[in-house]
Amino acid sequence: MSLNLFRRTKQLEQQIDNFFDILSESSVVYRLAVRIYLREGINQEFKERLERINTLESEADALRRSIEKQLYSDTLIPDSRGDVLGLIETVDQLFSQFEGSLWSLSIEQPNITKEYTDGFRKLTNMVVKAADELALSARAFFRSPYDVPAHNHKVMLYEKEADAISTKLKTAIFASDLELAEKLHLREFVEQIDGVADLAEDVADRLAIYAIKRLV
Amino acid sequence: MDPLILIFLSSGLFLGWALGANDAANVFGTAVGTKMVRWRTAAIICAVFIILGALVSGGGTTHTLGKLGAISALPGAFMTALSAALAVYSMTKSGLPVSTSQAIVGAIIGWNLFSGSPTDVNTLTKILSTWIICPVLSAFIAVILFKMHKFTSKRIRIHMIMADAYTRFALIIAGAFGAYSLGANNIANVIGVFIPGEPLPALQVGAFVFSSTQQLFLLGGLAIALGVFTYSKRVMMTVGDNLGRLSANAALIAVISHSIVLFMFASRGLEAWLAGHGLPTIPLVPVSSSQAVVGAVVGISVLQGAAGIRWSVLGKIVMGWVVTPVAACAICFFGLFFLQNVFGLAVQ
């Protein structure tokens, strides 16, 4: 019974680690895809990245279901089960945000002119940093909850920085001579990309509470 | 064998059943209540180790109870155990936490008073002092263990899921140790008063001969195990809600502290080791399993800022500690009077 318990536990531990590996990989692929779009528009490489993001999102979904099922069927971590499920559900929204944002680029193909590419690139870099730091924070929650506040602090900093970049970018867009429709279209994409950092901050806020609960 | 003997023994067996039904929750209650361990697993481990503890290490505490009052007549022993059982039953019905150890001590003093036998003040003082020492010691051990756990958990980075598996495994090991200690320490409450009368004839099974005392230990252990199997589930499912909820790790520490304390007050080996090293020995006295757990929980709660303690519940528990022995003493005194004067049975 004990050996079986430890084997299943090891498998579940790996699945949780894989789930957050997917988060790290998704943020890298997302960053590369946006940079390709800003540089060359829709091309084969962008399509490959989009396909990869779709695959990662599906893998994350499958892992999420499997983790949820095991946590309930084996009645594991009764004290923290709700928190872990809440964490995984909200991180799952980040995968959807990555995927949705790239699909929108692919379908709507906004015209991002040269004077804004630098701002979009900076914004993308910053939100990806927030997502990466969130992945570290989530891993810390499972192994050393004492380290969660330090990672969360960085997530907040990156989110704040992303907000500043997005505000600057939107101000520049609306101060330009572009058509209103184009301005609104670009603003939509600024907000979509910035949404990644906002979501990362939401998850970090939850993590902060979950970590405190583990430490009490 | 005279069937009347079984009738007289029934009160002790009933007390054993009540002990198993209630005190198994102190060992496995939180583990089962939080679904960390299945009830069936807990019940089997609990029953096996209670019987083992009673058979292997039950002698020490029984000897101490015998010194408090050597009840030689079977009807007297019957009424003493029945009074303790009735006190336990009525206190449980009133929703007050109760200790079989205190009930049986109160009942024995009731017998002493009725029969005019002197109560050994030294033994009584020893027993009374353990009622205070037991929860305090349990709290102290729990605080040390909890601090050690905090210290190590900061340094050892185990994945939460793996830590959960280790906690489950540790709850089972600690539960087995707790059940063994419970059997060793509390068997005296169940059959201790019957031992001086030697009611059972020696039993030969093959090459082995079982004395009356050995048979009583086995019967008492089986009665406790029966209580575990028939009634402990409900108690286990509700335990932990009274004093405040515990995390799985805190529950594990509470169970370990409780088990260590019960073991310390029951182990002849430990007593001999301490004496051999010129250290003060720990009296072998039946202590309350519930008090030990309450002490551990309070210790952990105080360490966490005492925010989780419901002081009104704690007050009720302390009141129960006073009321139980007094009630058992009174019931026993009047019960013996009734038995002697109405049924004409010799109670001393």
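The values are calculated or read from the model by the stated rules, or taken from the named source; none is laboratory data. Here the structure is a predicted model, which means the values were calculated and not measured. In this analysis, Cβ positions are derived from the backbone assuming ideal geometry, glycine residues included, and neighbour counts consider all displayed protein chains.
Filter the stretch B:180-204 down to residues that are of a type in the set (Gly, Ala, Ser) and over 18 Å from the mean Cα position of the chain (by Cα) and give me whichever is modelled with the lowest pLDDT. Lay out the reasoning, then the answer.
Our first condition is that a residue be of a type in the set (Gly, Ala, Ser); within the stretch B:180-204, this holds for B:181, B:183-184, B:188, B:192, B:197, B:202.
Keeping just the survivors that are over 18 Å from the mean Cα position of the chain (by Cα) gives B:197, B:202.
Working: B:Gly197: 78, B:Ala202: 83.
Here the answer is B:Gly197.
In this structure, does A:Thr124 turn out to be out of contact with any strand residue (DSSP E or B) (no Cβ under 9 Å at 6 or more places or on another chain) and either within 14 Å of chain B (Cβ to nearest Cβ) or buried (at least 22 other Cβ atoms within 10 Å of the Cβ) (or both)? Before the answer, list the steps.
Numbers: out of contact with any strand residue (DSSP E or B) (no Cβ under 9 Å at 6 or more places or on another chain): yes; either within 14 Å of chain B (Cβ to nearest Cβ) or buried (at least 22 other Cβ atoms within 10 Å of the Cβ) (or both): yes.
So A:Thr124 passes the test.
Taking the numbered list (1) assigned to a helix (DSSP H, G or I); (2) closer than 30 Å to B:Arg168 by Cα; (3) over 15 Å from the mean Cα position of the chain (by Cα) in turn, A:Leu38 passes all entries but (2).
I'm trying to understand the selection: among the residues of the stretch B:26-59, which are of a type in the set (Lys, Arg) and under 17 Å from B:Thr167 (Cβ atoms)?
Hits for the stretch B:26-59 are B:Lys35, B:Arg38.
Given the structure, is B:Leu65 under 16 Å from B:Asn186 (Cβ atoms), at pLDDT below 85 and more than 14 Å from chain A (Cβ to nearest Cβ)? Against the criterion (under 16 Å from B:Asn186 (Cβ atoms), at pLDDT below 85 and more than 14 Å from chain A (Cβ to nearest Cβ)), B:Leu65 qualifies.
For the stretch B:157-171, indicate whether the set of residues that are assigned to a helix (DSSP H, G or I), more than 14 Å from chain A (Cβ to nearest Cβ), hydroxyl-bearing (Ser, Thr, Tyr) and touching a residue at least 12 places away in the same chain (Cβ under 8 Å) is non-empty.
Here is the first cut: in the stretch B:157-171, the ones assigned to a helix (DSSP H, G or I) are B:160-171.
From what's left, more than 14 Å from chain A (Cβ to nearest Cβ): none.
No, because not a single residue in the stretch B:157-171 is assigned to a helix (DSSP H, G or I), more than 14 Å from chain A (Cβ to nearest Cβ), hydroxyl-bearing (Ser, Thr, Tyr) and touching a residue at least 12 places away in the same chain (Cβ under 8 Å).
Filtering B:Thr152, B:Thr123, B:Thr130, B:Thr100 for residues that are within 19 Å of B:Gly58 (Cβ to Cβ), without any contact (Cβ under 8 Å) to a residue 60 or more places away in the chain and either within 14 Å of another protein chain (Cβ to nearest Cβ) or surrounded by 18 or more Cβ atoms within 10 Å (Cβ to Cβ) (or both) leaves a single hit, B:Thr123.
For the subset of the stretch B:104-120 comprising residues that are modelled with pLDDT of 90 or more and among the small types (Gly, Ala, Ser), which member is surrounded by the most Cβ atoms within 10 Å (Cβ to Cβ)? Residue satisfying both the conditions and the ranking: B:Ala107. Only residues that are out of contact with any Lys or Arg (no Cβ under 7 Å at 6 or more places or on another chain) and polar (S, T, N, Q) were counted in the stretch A:60-85, giving 3.
Return yes or no: is A:Glu89 in contact with an Asp or Glu (Cβ under 6 Å, 6 or more places away or on another chain) and either of a type in the set (A, V, I, L, M, F, W, C) or in a helix (DSSP H, G or I) (or both)? Even if it seems obvious, please write down each step before you answer.
Values: in contact with an Asp or Glu (Cβ under 6 Å, 6 or more places away or on another chain): no; either of a type in the set (A, V, I, L, M, F, W, C) or in a helix (DSSP H, G or I) (or both): yes.
For A:Glu89, the condition - in contact with an Asp or Glu (Cβ under 6 Å, 6 or more places away or on another chain) and either of a type in the set (A, V, I, L, M, F, W, C) or in a helix (DSSP H, G or I) (or both) - is not met.
Residues in the stretch B:112-147 that are out of contact with any Lys or Arg (no Cβ under 8 Å at 6 or more places or on another chain) and charged (D, E, K, R): B:Lys126, B:Lys147.
Looking at B:Ala248, B:Ala223, B:Ala207, which one is under 26 Å from B:Val297 (Cα atoms) and among the aliphatic types (A, V, I, L, M)? Spell out the reasoning first.
Working: B:Ala223 fails: under 26 Å from B:Val297 (Cα atoms); B:Ala207 fails: under 26 Å from B:Val297 (Cα atoms).
Going through B:Ala248, B:Ala223, B:Ala207 in turn, the sole match is B:Ala248.
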